[in-house]
């Protein structure tokens, strides 16, 4: 069984994700095998917040070229976590 720290890989900091934080939505890169309920439990345990819902999407890796050689970046999974109204905010993103 995976620990919560194996499920949540890292937060995603983009302009769009920073704007979504005003609506209590936080974006994370997660393990590709994790489902929504596992992601919800992991975020609640790591950050001590209450999660209302989790949206996930599978992101395909880009194809990259260096001359004639063609390679591909790995596929990954993104989760957008919405917190409840009475939950505290995630302190990790406070100084951003």
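What follows is calculated from the coordinates using simple rules that are stated; it is not laboratory data. Only a predicted model underlies this, so the values are computations on that prediction, with no experimental measurement involved. Every residue, glycine as well, gets a Cβ built from its backbone with ideal geometry; the counts of neighbours run over all protein chains shown.
Observations, loosely collected:
- For the range 1-22, filtering for residues that are closer than 16 Å to residue 55 by Cβ, touching a residue at least 12 places away in the same chain (Cβ under 8 Å) and surrounded by fewer than 11 Cβ atoms within 10 Å (Cβ to Cβ) leaves 1.
- Of the strands (runs of 3 or more DSSP E) that lie entirely inside the range 7-69, those containing 3 or more residues that are out of contact with any helix residue (DSSP H, G or I) (no Cβ under 6 Å at 6 or more places or on another chain) and closer than 11 Å to residue 81 by Cα span 25-30, 51-59.
- Residue match in the range 64-77 (condition: in contact (Cβ under 8 Å) with a residue 24 or more places away in the chain, on the phi < 0 side of the Ramachandran plot and more than 13 Å from the chain's Cα centre (by Cα)): yes
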